[in-house]
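Inspection log for the structure reproduced underneath, given as structure tokens.
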Amino acid sequence: MRRSKRVGIFSAGAVVVLFAAAVGIWRWSVYAQHQQTVAEYQKWMAAAIQGIHSNQLGNALKDVRKAAQYEKTGVILTMERVLEKTERRGLKLSAGTSPAEPLTVDGGKVVQGKYDIVQLAASANNFQKFGNNIMNTLDFQAFVDREPIGATVYALVILPNGAQRTVKTTVVPLPSGSIGFTGQYTNQRYGVSVNLPTLATGAISYGWIPSARPTDGDGRAFTDPLNPHITVVAYGSNNVMSQSPGVSIPPSAHILRNVQIGNYPAIIYTNIQSAQNISVFDESVVAGASNLQSSNEVDVAVPQLLLPQWQPIVSTIIDSFKPGNLSQAY
């Protein structure tokens, strides 16, 4: 009986030892897997950052998605959102079409060969609507970016001899480019201009996403790709009623100050509105007068909760405002 009892005690102890060893092996395995996951995440994260710094955004997006397979951190998800929303597109001439030089967009700038791009359209017939309406670089890029990969786009070009030719192109993804739009935007119709600063989050510096160009060309809206409630709008309008711009300022607005910008009087004011149940702070500057033919305005909108960190940026944008020639209508 004692021998049997000893065997039972020995067996139980052995089980405990084996169980402890198994737990240790399992813990080591989990730790090793975790270390491997961390290493893979860091590898693809580093590759993505390098791709961003070298403007290889297509490759950077692929690397970000690979990193996300190992760990979906807030930084990775933010990087993925920025890169997805700002992926560049370009145009490639169809085979056998002249002029023979590539028609592409690189970093938001038109790469022009021995010809000039005048206009773009989704079909050759649409050129009749526009006439010879020369597009600026921003208009060109915004048009291309909103077309899907593989879509057909027609480009009206002017050859060195002055002749116009319509060429057929295909929208293709670009291996490199810049994230969003930064720098000075000038409206081609009214002349209003504003400087859009570079934004940043974590390892990424990025720019603003321009809205589609309105058919009347009166202005453009720019949005922070990470927050649709953060916008900058620059536009002009004709003063057909010979009114002061102050007439259109909302009654709830607060006038900060009256200023002189160049040759024109201007008003800087703030207002708070509600958008999708979010309180949004607006700061605006409008230039014009009842005896002038047109007016220009820039509005900057930021969620009120983010205002403390955004106020310096808002002020910088407002201060960069320059009106066009307000003595004439357009």
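Quick look at the values:
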| read-out | value |
| --- | --- |
| The one condition in (1) within 19 Å of residue 187 (Cβ to Cβ); (2) under 29 Å from the mean Cα position of the chain (by Cα); (3) modelled with pLDDT under 95 that residue 318 fails to fulfil | (3) |
| Unique residue being surrounded by 15 or more Cβ atoms within 10 Å (Cβ to Cβ) and assigned to a loop (DSSP other than H, G, I, E, B) when the list is 217, 236 | 217 |
| Answer from 171, 194 - the residue that is within 23 Å of residue 56 (Cα to Cα), in a strand (DSSP E or B) and touching a residue at least 24 places away in the same chain (Cβ under 8 Å) | 171 |
| Candidate set: the stretch 57-74, residues that are buried (at least 18 other Cβ atoms within 10 Å of the Cβ) and under 18 Å from the mean Cα position of the chain (by Cα); chosen: the one modelled with the lowest pLDDT | 57 |
| Residues of the stretch 221-233 satisfying the condition of being buried (at least 18 other Cβ atoms within 10 Å of the Cβ) and outside any strand (DSSP E or B) | 225 |
| The lone exception for residue 209 - which of (1) surrounded by fewer than 19 Cβ atoms within 10 Å (Cβ to Cβ); (2) in contact with a Ser or Thr (Cβ under 7 Å, 6 or more places away or on another chain); (3) among the hydrophobic types (A, V, I, L, M, F, W, C) it fails | (1) |
| Selection status of residue 298, buried (at least 16 other Cβ atoms within 10 Å of the Cβ), among the β-branched types (Val, Ile, Thr) and closer than 20 Å to residue 186 by Cα | yes |
| Looking only at the stretch 173-208, and only at residues there that are within 15 Å of the chain's Cα centre (by Cα), modelled with pLDDT of 85 or more and of a type in the set (Phe, Trp, Tyr), the one that is nearest to residue 45 (Cα to Cα) | 208 |
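The values are calculated or read from the model by the stated rules, or taken from the named source; none is laboratory data. These numbers were taken from a predicted model, which means no experiment stands behind them. Here Cβ is always computed from backbone atoms with ideal geometry, including for glycine, and neighbour counts include all displayed protein chains.
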